[in-house]
1. If you take the Cα Rg of region 186-228 and divide it by 2.2 N^0.38 Å, with N the number of residues, what do you get?
2. Would you please state the base-10 log of I(q)/I(0) at q = 0.20, 0.22 1/Å for region 64-124, with intensities from the Debye formula using one equal scatterer on every alpha carbon?
3. In the chain, carbon and sulfur make up what percent of the accessible area (probe 1.4 Å)?
4. Take the eigenvalues of the Cα gyration tensor for region 112-229, scale each by 5, and report the square roots as semi-axes in whole Å, largest first.
5. Compute the semi-axes of the equivalent ellipsoid of the chain, taking the square root of 5 times each eigenvalue of the Cα gyration tensor, and list them largest first in whole Å.
6. Just subtract the alpha-carbon distance of Gln24 and Thr90 from 0.36 nm times their residue separation and send over the number in nm, one decimal.
7. For the chain, what is the number of Lys pairs with C-alpha distance below 28 angstrom, counting only pairs 8 or more positions apart or on separate chains?
Amino acid sequence: MEIFGVDVGGSGVKGAPVDLTDGQLAAPRMRIPTPKPATPDAVIEAIAGIVSGHGWSGPIGVTVPGVVLDGVVQTAANISEEWIGFDAATGLSERLGMPVKVLNDADAAGLAEVTYGAAKGERGVVLLLTFGTGIGSAYLHEGTLIPNTELGHLKFKDGVAEEYAAGRLVKRGDLEIEWWARRVDEVLDYLDDLFWPNLFVFGGGISKRFEDYSHLLDTRARIVPAMLRNQAGIVGAALAAARGVDHA
Ligand code: BGC
């Protein structure tokens, strides 16, 4: 079965049909730069462009970088505040004339990795963390997603975890990767004390450089890079739409 997945990120809105038998993209993904400002209306138009560009008609899954309950966005740490309280699922379904499920971006990546990728078959608790503009999180237990954990917003040091250790600090040149990795190691130790995961899965742009810093991470739980890389959001969005997931 094919379902269309869309991943709304800070720099790009990306979408493609996904073949759910193997989690592969059924056609090359299309990418449109994220509109500035990224208001709901502007982002919906970008999504509509990608969906019609593929000539798609059918169910669609969409990620957003915020808490989502029943299709309604509840928080907006790194996107326009206009998203807060916006019923994204209804707004998109009406604009596109197709059924749309909306879920958090890191939760989508978690669903994809546990179904097809680095967390497949893993026992116990798995925490997937995406290191990009913020820190996204997906909490998985024996393959089941506990949505909207937002561990990047845990109080940490003088602020919150994502201010201390987001991937953007390296991308912007604020931190050398070694120093960033030392900070991440501190965050992982804290998460380990709280959740005792068997496995951490690292996603986000910086997971591509895993070999450059993995030797600096000595947390008890195993750590592996995500396997689906920048397709995880699209694939997870499609999975959520196929499963009719409402809260996640
Ligand atoms: C948001 C999360 C999101 C993460 C990664 C955080 O700032 O609060 O919802 O998953 O960034 O995009």
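The values are calculated or read from the model by the stated rules, or taken from the named source; none is laboratory data. Bear in mind that the values here come from a model prediction, so they are computed numbers and not experimental data. Surface areas here come from the heavy atoms of the whole protein model, side chains and all, with no ligands, DNA or RNA. Shrake-Rupley method; radii C 1.70, N 1.55, O 1.52, S 1.80 Å.
1. 1.13
2. Taken in order of the listed q values, log10 I(q)/I(0) reads -0.78, -0.85.
3. Percent of accessible area from carbon and sulfur atoms in the chain: 51.
4. Each semi-axis is √(5λ); the values are 21, 15, 13 Å.
5. 28, 19, 16
6. Once the chain is fully extended between Gln24 and Thr90, it gains 21.0 nm.
7. 15
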